[in-house]
Amino acid sequence: MWPFSRKGPSGFSSSSTAEEVTHGIDASGLTAIVTGASSGIGTETSRVLALRGVHVVMAVRNMAAGRDVKEAIIKEIPSAKVDAMELDLSSMTSVRKFAKDFNYLGLPLNILINNAGVMATPFMLSKDNIELQFATNHIGHFLLTNLLLDNMKKTASESKREGRIVNVSSEAHRFPYSEGIRFDKINDQSGYSSFRAYGQSKLANVLHANELAGRLKEDAVNITANSLHPGAILTNLFRHMRIVNGVVDVLGRLVLKNVQQGAATTCYVALHPQVKGKSGEYFSDGNLAKATDMGRDVGLAKKLWDFSMKLVD
C-alpha cells in the first residue's frame, strides 16, 4: 500500500523515508539525545541524524546492543559523532543518573527525542512500583525531559538555535481507558488492559508535549515540544502480543512501514525547517495531523503534569 500513498502539504507521505525528509539538511553543530536507540526506529533515527551531522547520544538500556549500533553507524558514516549511554526509563534512579552524567559531560543539548517504549506488556510494576507501560513510556521521559531542560534552555540561548523536544506517541493514543488517564487506578491490576494501558501511556506522551509547549511559550524560551505518530511499523514492539505478532510476521511486510519509513516523521519533526516555530502540535506521515479531543484537552494535560510531578518527587 505504501507505494501508492499521497503526499501531504509538506511534500512527504507515509512512504517517505527518514533520509528523504532530511535530504539537504546540514545539522552539524547540533547535539541530540535519542532514547531507545539500540533497535527499531530509534536506531534509524540515530543513524540519519548522524548522517546529517548531528552529534547523537544514544540512550540505551542494553549497552552491548548500543555499542553494536554505534559501531555500525560509524562504519557506514566514518565522520559520524555517536555515543552510547546507559538509560533504563523504568527506573527513576537510572534516569537521574543518566541526566547527571550527561550534564556533567558539559555537552550542549539541542534536540531531545523521547522515542523508547514498551507495548502491550502483561501487568507489571516498574522498579518504582508504577505500572510498567506508564512508567517507561511516560514517567521516565517526563523526568528525563525535566532534568535536561535547563541544559536545553542554556543551549538555545547561547547557540541562538531552536531547541526541539520530540515525543514519539502513537495513534494508539486514541484508544486509552474510557477516562483517558486513570489517575486513581494507575496500578489497578484487576481492571488492567494491556492495550488500553498502552493507549493511556501514548495519550500521556501527547498531553506532556502540549503542556510543555505551553510552559516553554510562557517562559519565552526558544524550544518547541511536539508529539507524533511514527506509523504502524515492522518492529519488535509486538513481541508481547503473540497472536498479533504472528500476523505481523506473515503480513507485516505488505502493509506496515519499514524502519526507514517509520523513523521519517521523527527526523522530520526534529530537523526540518518547515517545523520551525511549531509547538504543541501532533504529526503523522511527515505532516501536521490532529490528536484526539482528549489529546488536546488543556485541563487534562495540566492534571497529568501535576500528577507526574508528584510521582517523580
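The values are calculated or read from the model by the stated rules, or taken from the named source; none is laboratory data. Only a predicted model underlies this, so the values are computations on that prediction, with no experimental measurement involved. Every residue, glycine as well, gets a Cβ built from its backbone with ideal geometry; the counts of neighbours run over all protein chains shown.
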Report task. Mind telling me which of the residues Ala225, Ala172 ends up being in contact with a helix residue (DSSP H, G or I) (Cβ under 7 Å, 6 or more places away or on another chain) and farther than 19 Å from His272 by Cα? Result -> Ala172
Requested in this report: Would you be able to say whether some residue in segment 296-304 is touching a strand residue (DSSP E or B) at 6+ places or on another chain (Cβ under 8 Å), modelled with pLDDT of 95 or more and part of a helix (DSSP H, G or I)?
Outcome: yes
Report summary line: Only one of Asn167, Asn205, Asn210 is crowded, with 16+ Cβ neighbours inside 10 Å, modelled with pLDDT of 95 or more and more than 13 Å from the chain's Cα centre (by Cα), namely Asn210
**Report entry** Of all residues making up segment 150-167, the number that are out of contact with any Leu (no Cβ under 6 Å at 6 or more places or on another chain), in contact (Cβ under 8 Å) with a residue 60 or more places away in the chain and not in a loop (DSSP other than H, G, I, E, B)
**Finding:** 8
Query - Residue count, segment 67-122 (criterion: of a type in the set (Asp, Glu), in contact (Cβ under 8 Å) with a residue 24 or more places away in the chain and touching a strand residue (DSSP E or B) at 6+ places or on another chain (Cβ under 7 Å)) - result: 2
Query raised in the report: So which residues in segment 175-203 are among the charged types (D, E, K, R) and in contact with a helix residue (DSSP H, G or I) (Cβ under 7 Å, 6 or more places away or on another chain)?
Result: Arg182, Lys202
Query - Count of segment 175-214 residues which are more than 15 Å from Ala120 (Cα to Cα), outside any loop (DSSP other than H, G, I, E, B) and not small (Gly, Ala, Ser) - result: 7
Query raised in the report: For Leu148, all conditions in the list (1) of a type in the set (A, V, I, L, M); (2) crowded, with 24+ Cβ neighbours inside 10 Å; (3) out of contact with any Ser or Thr (no Cβ under 8 Å at 6 or more places or on another chain) hold save one; what is the number of the exception?
Result: (2)
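For segment 11-129, please list each of the helices (runs of 4 or more DSSP H) lying entirely inside it that holds at least 2 residues being exposed (fewer than 15 other Cβ atoms within 10 Å of the Cβ). Give the steps one after another, and end with the answer.
Working: elements: 18-21, 40-51, 63-76, 92-105.
Those helices (runs of 4 or more DSSP H) span 63-76, 92-105.
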Query raised in the report: Somewhere in segment 272-286, is a residue crowded, with 24+ Cβ neighbours inside 10 Å and on the phi > 0 side of the Ramachandran plot?
Result: yes
